[in-house]
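Enquirer: Can you read through this structure? Questions will come right after.
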Amino acid sequence: MMHLGFYSIQAEAMVHSTYSTQRSTLVLKIGGNELDEPAFVAELARQVAGMRPVPVLVHGGGKEIGIVQEALGGTPRFVAGLRYTDATALTAAEMVLCGSVSTRLVAALLAAGADAIGLSGVDRGLIRVVKQEHPAGDLGRVGRPTTVRSDVLHELLARNIIPVIAPISLGPDGPYNVNADEAAGAVAAALECDEVVFVTNVPGVLVAGDVAPALTRDDVERLIADGVISGGMIPKVRAALVALDAGVRAARITSMAGLAHGGTTIVTERTMNE
């Protein structure tokens with residue numbers, strides 16, 4: 001068993017360096033399951049409304065997508081834990097992500113005094129994708145982000161309008177569903193943000209009972225292998241690694257209470273060497 005003090009003094013130093021520089025725009029990734037809770041949505045909106053500079057929100061859809069897919073006569077199907085997106089699943093994802101969830105978030109932000117607009121990756125060609133290839137098999141209409149129109153987002157941010165992004169994105173032959181973690185990472189990288197923040201129902205990654213302030217990819221893999229990171233925390237840290245793969249410098253996992261500065265920041269070894 002490794003102790004908290006072992007983990008990446010370099011990584012923690014990089015985090016402190018990041019916070020000592022001028023604050024950049026934050027990209028907040030909000031999980032679909034958390035968005036099922038009205039109290040969570042209201043508190044999120046309250047905190048986000050007071051943030052300066054205003055952030056960008058990227059959201060998932062959670063259980064609602066499967067429910068709508070079944071109502072449309074489809075059956076949710078997964079390939080290596082990833083949702084297979086056929087025509088019915090894509091319609092369900094569009095209805096939930098671009099419809100009910102986006103509207104729910106924008107309404108809550110406006111009620112909290114913020115200015116916000118709901119967008120999908122299709123709108124103005126915000127996020128363009130190619131078909132996602134996976135070694136485990138065909139994922140259907142699932143896309144991998146290739147470009148993000150940062151100018152569209154900068155126009156809104158300059159007017160203190162919060163973009164609320166649904167990860168339905170534009171491929172060469174129409175809309176594709178995109179993993180919200182990948183979309184958040186791609187948006188953060190395009191905006192040259194210091195980090196993307198995953199807002200969850202946990203304060204961070206616990207090691208020996210304490211929240212680890214900073215970890216590297218290698219630290220994460222060792223903690224998973226040792227059983228320190230287990231259960232529901234595994235998909236959370238995997239999501240952070242997906243964001244790093246998309247090009248963002250750091251990914252932070254935190255709860256609502258730690259939104260300003262708390263939680264666990266995961267950085268790449270490449271970032272530490274810069």
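Since every read-out is calculated from the coordinates, none of them should be taken as a lab result. What you are looking at is a predicted structure, and each value in this text was computed from that prediction instead of being measured.
Enquirer: Calculate for the chain the 222 nm mean residue ellipticity that helices alone would give, adding -39,500 (n - 2.57) per DSSP H run of length 4 or more and normalising by residue count, nearest 500 deg cm²/dmol.
Expert: Calculated at 222 nm, the ellipticity per residue is -10500 deg cm²/dmol.
Enquirer: Can you list residues from other chains, or at least 5 along the same chain, whose modelled amide H is less than 5 Å from the amide H of ILE266?
Expert: So ILE266 has HN proximity to LEU215, ALA251, ARG252, ILE253.
Enquirer: Once the cut-off is 20 Å, how many percent of the Cα-Cα pairs in the range 142-274 end up in the long-distance tail?
Expert: For the range 142-274, the fraction of Cα-Cα distances above 20 Å is 48 percent.
Enquirer: Using only alpha carbon pairs under 8 Å that are at least six residues apart, calculate the relative contact order of the chain and give it in whole percent.
Expert: Normalised by residue count, the contact order of the chain is 22 percent.
Enquirer: Can you list residues from other chains, or at least 5 along the same chain, whose modelled amide H is less than 5 Å from the amide H of ALA116?
Expert: Under 5 Å from the amide H of ALA116: ILE162.
Enquirer: Right, another one. Please list, in order along the range 143-156, the HN-Hα scalar couplings obtained from phi with the Karplus expression 6.51 cos²θ - 1.76 cosθ + 1.60 (θ = phi - 60°), rounded to whole Hz, x for Gly and Pro.
Expert: Values per residue, Gly and Pro as x: x, 10, x, 10, 9, 10, 7, 4, 4, 4, 6, 4, 4, 6 Hz.
Enquirer: With θ taken as phi - 60° and the coefficients 6.51, -1.76 and 1.60, list the Karplus ³J(HN,Hα) couplings across the range 199-216 in order, rounded to whole Hz; mark glycine and proline as x.
Expert: For the range 199-216, the Karplus curve yields 8, 10, 9, 10, x, x, 8, 8, 10, 6, x, 10, 6, 6, x, 7, 9, 9 Hz.
Enquirer: How much length is gained if the chain between PHE78 and ALA208 is pulled fully straight, taking 0.36 nm per residue apart and subtracting their Cα-Cα distance, in nm to one decimal?
Expert: 43.4 nm
Enquirer: How large is ³J(HN,Hα) for each residue in the range 27-38, as worked out from phi by the Karplus curve 6.51 cos²θ - 1.76 cosθ + 1.60 (θ = phi - 60°), to whole Hz, x for Gly and Pro?
Expert: Using θ = phi - 60°, the values come out as 9, 9, 9, 10, x, x, 5, 5, 6, 6, 9, x Hz.
Enquirer: Non-local amide H neighbours of GLY171 (under 5 Å, H modeled in plane, Pro and chain starts lacking H): which ones?
Expert: Here VAL129, TYR176 satisfy the definition.
Enquirer: Same structure again: Across 10 Å bins from 0, what is the distribution of all Cα-Cα pair distances for the chain, in whole percents?
Expert: 7, 30, 36, 22, 4, 0
Enquirer: Leaving out same-chain residues fewer than 8 places away, which lysines sit with a Cα under 21 Å from that of LYS63?
Expert: Partners within reach: LYS29, LYS236.
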